[in-house]
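*Asks:* Sharing a structure below in structure tokens format, with a few things to ask.
The values are calculated or read from the model by the stated rules, or taken from the named source; none is laboratory data. Not measured: the values here are computed from a predicted model. A quick note on method: Cβ atoms are made from the backbone with ideal geometry, for glycine too, and the neighbour counts reach across all protein chains shown.
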Amino acid sequence: MMFWRRTPRIAQRSLREYAESIINTVRESLLVLDQDLRVVTASRSFYEFFQVAPEETVGQLIYDLGNKQWDIPRLRELLETILPQEATFDGYEVEHDFATIGKRTMLLNARQIQRVLGKERIILLAIEDITERKEIEAGLERTRRELEIIKRAADEASEFAESVINTVREPLISLDQDLRVVTVSRSFYEFFKVRPEETVGQLIYDLGNKQWDIPRLRELLETILPQKTTFDGYEVEHDFATIGKRTMLLNARQIQRVLGKERIILLAIEDITERSEIEDGLEKAHEELKELASELKRVAQVKSEFLANMSHELRTPLNSIIGFSELLSDEAFGPLNAKQKTYVNNVLTSGKHLLLLINQILDMAKVEAGRMTLQLSRIPMRSLACEISELLADMVSKKMLHFTLEVAEDLPSIEADELKVREVLYNLLSNAVKFTPEGGQIGMRAKKADSEIEIVIWDKGIGIAPENLDKIFEGFFRVDTPYSRLTEGTGLGLPLSKKLVELHGGSLSVESSGLGKGASVRVRLPLTPRERG
């Protein structure tokens with residue numbers, strides 16, 4: 001009889017040992033609570049994970065564990081509210097910041113068992129630490145959201161890129177690392193007269209029945225780009241069966257790790273056929289102009305030689321005419337009556353006028369042929385300006401003109417050809433006298449301006465019509481006026497003066513507000529002659 005009485009106790013002990021073995025074997029933290037929520041037993045993994053000892057755990061109210069670290073509102077809700085109504089509850093998430101092990105996220109599985117070990121109920125509490133898993137899940141969720149954002153951005157960027165590709169007028173084509181066509185702009189299809197179905201996915205060299213198998217293109221894609229990711233202005237010339245001979249300028253970009261490939265190549269194609277033809281035409285025209293300029297220079301030299309010979313032939317008899325006229329004027333051969341004097345003076349005046357014209361024509365020819373040379377010397381410009389004014393004193397006096405001379409005290413000397421500078425100033429002042437009515441005003445101003453001297457000769461005479469301002473430097477352009485006779489000018493004075501000033505590296509310009517408002521001529525001469533630009 002005793003055997004049968006002891007058997008249930010032996011079995012009960014064996015079952016308890018078996019249960020405790022299970023509790024201490026599993027890696028998951030386990031707690032066994034009685035109906036008063038006091039700890040009956042705990043697994044070894046519980047002690048290790050939560051860093052507590054058995055003596056401060058077993059028999060303690062669960063909320064008092066770890067100096068009341070386990071007094072967690074969410075845990076109270078599970079044990080005091082949920083379990084009395086539901087004997088089983090799984091996946092109950094609790095987050096808590098422990099003083100010993102820090103902030104943890106736990107997943108609790110609870111079982112309430114009735115009438116065990118002489119108590120009305122016992123509670124099994126399995127605790128799974130899911131802190132790292134939650135962090136991973138949170139990271140994965142963040143990554144997922146970021147990937148969604150990236151995907152949206154990529155989709156938008158792709159859509160934008162497609163819009164750009166299809167909007168620009170310049171043909172564009174993108175290739176994968178195998179040089180197969182990924183995408184093509186609308187302008188590419190239109191310009192090269194091909195269709196999408198025979199383009200996308202094809203090796204670029206195979207496009208248009210191998211029309212694109214171009215040695216220069218192979219060099220760019222297979223030799224240059226692998227070493228240099230960007231290359232602009234690569235010129236390719238090719239004769240296409242469909243559109244004829246074209247000259248193209250290629251800009252290439254190699255982009256790494258795009259679209260799942262190691263690289264993608266963007267190729268922009270600019271057709272410069274017409275531009276090249278224009279440039280070739282301009283180059284040819286430039287060469288022809290150079291040849292023409294050379295020919296014109298040769299012609300000018302021939303002209304200059306001809307005029308020099310002609311002037312020599314004309315000067316000899318002309319000098320004889322002038323000489324004999326002067327003798328007659330001095331009455332070397334006897335007295336002359338009034339009519340004879342008039343005739344002799346007319347011959348003498350015309351002879352001198354003709355000699356001046358011949359000299360000016362010769363000088364113009366020399367300048368245009370580049371054969372005019374300068375005899376340079378130091379010229380005291382203040383003294384020269386005063387001398388030229390004195391030479392014209394008689395002309396000014398005869399017309400009762402008011403002459404104003406303003407020469408700066410510090411007007412420097414210049415290095416120039418004195419005879420030619422004298423000729424320029426005399427010509428310009430003579431014009432001022434000639435085109436100003438009696439009693440009018442003329443003047444000359446001279447001053448230093450930077451590395452130049454500036455001379456302005458002005459008058460209050462008849463002025464220049466606006467339509468004539470561009471003509472006054474043409475040879476033999478003259479305006480007849482009541483104040484000058486045809487014999488008083490050659491029509492070459494102003495053009496020759498401009499040429500002589502420019503020969504020194506200076507400039508000459510004329511200004512006038514219109515008829516009846518006078519005119520002014522501005523001459524700028526460098527202190528030292530310089531080459532004309």
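*Asks:* Looking at Glu277, is it at pLDDT 70 or above and not in a strand (DSSP E or B)?
*Replies:* yes
*Asks:* So, in segment 165-197, of the ones that are among the charged types (D, E, K, R) and under 19 Å from Glu270 (Cβ atoms), which residue ends up modelled with the lowest pLDDT?
*Replies:* Arg169
*Asks:* Let me ask something additional. Scanning segment 229-251 for residues that are farther than 11 Å from Thr273 by Cα and in contact with an Asp or Glu (Cβ under 8 Å, 6 or more places away or on another chain), which turns out surrounded by the fewest Cβ atoms within 10 Å (Cβ to Cβ)?
*Replies:* Asn251
*Asks:* Which members of segment 378-400 meet the condition of being in a loop (DSSP other than H, G, I, E, B) and either outside the structural domain of Ile453 (by TED's automatic domain parsing) or within 60 Å of the chain's Cα centre (by Cα) (or both)?
*Replies:* Correct list: Pro380, Leu392.
*Asks:* What pairs can you find where one residue is in segment 432-456 and hydroxyl-bearing (Ser, Thr, Tyr), the other is modelled with pLDDT of 95 or more, and their Cβ atoms are less than 8 Å apart, with a gap of 6+ or different chains?
*Replies:* Close Cβ pairs (under 8 Å, with a partner that is modelled with pLDDT of 95 or more) do not exist here.
Residue by residue, here is whether (1) polar (S, T, N, Q); (2) in a loop (DSSP other than H, G, I, E, B); (3) surrounded by fewer than 22 Cβ atoms within 10 Å (Cβ to Cβ); (4) assigned by TED's automatic domain parsing to the domain that holds Leu469 holds:
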{"position": "Leu496", "(1), (2), (3), (4)": "no, no, no, yes"}
{"position": "Leu500", "(1), (2), (3), (4)": "no, no, no, yes"}
{"position": "Leu508", "(1), (2), (3), (4)": "no, no, yes, yes"}
{"position": "Gly516", "(1), (2), (3), (4)": "no, yes, yes, yes"}
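*Asks:* Sort through Leu425, Leu469 and tell me the only one that's touching a helix residue (DSSP H, G or I) at 6+ places or on another chain (Cβ under 9 Å) and of a type outside the set (Ser, Thr, Tyr).
*Replies:* On inspection, the qualifying residue turns out to be Leu425.
*Asks:* Identify, please: which residue in segment 88-122 is closer than 17 Å to Ile72 by Cα and among the hydrophobic types (A, V, I, L, M, F, W, C) and is, among those, surrounded by the fewest Cβ atoms within 10 Å (Cβ to Cβ)?
*Replies:* Ala99
*Asks:* Having 1 or more residues that are at positive phi and without any contact (Cβ under 8 Å) to a residue 12 or more places away in the chain is the bar; report the helices (runs of 4 or more DSSP H) wholly within segment 184-241 that clear it.
*Replies:* Counting at least 1 such residues, we get 207-210.
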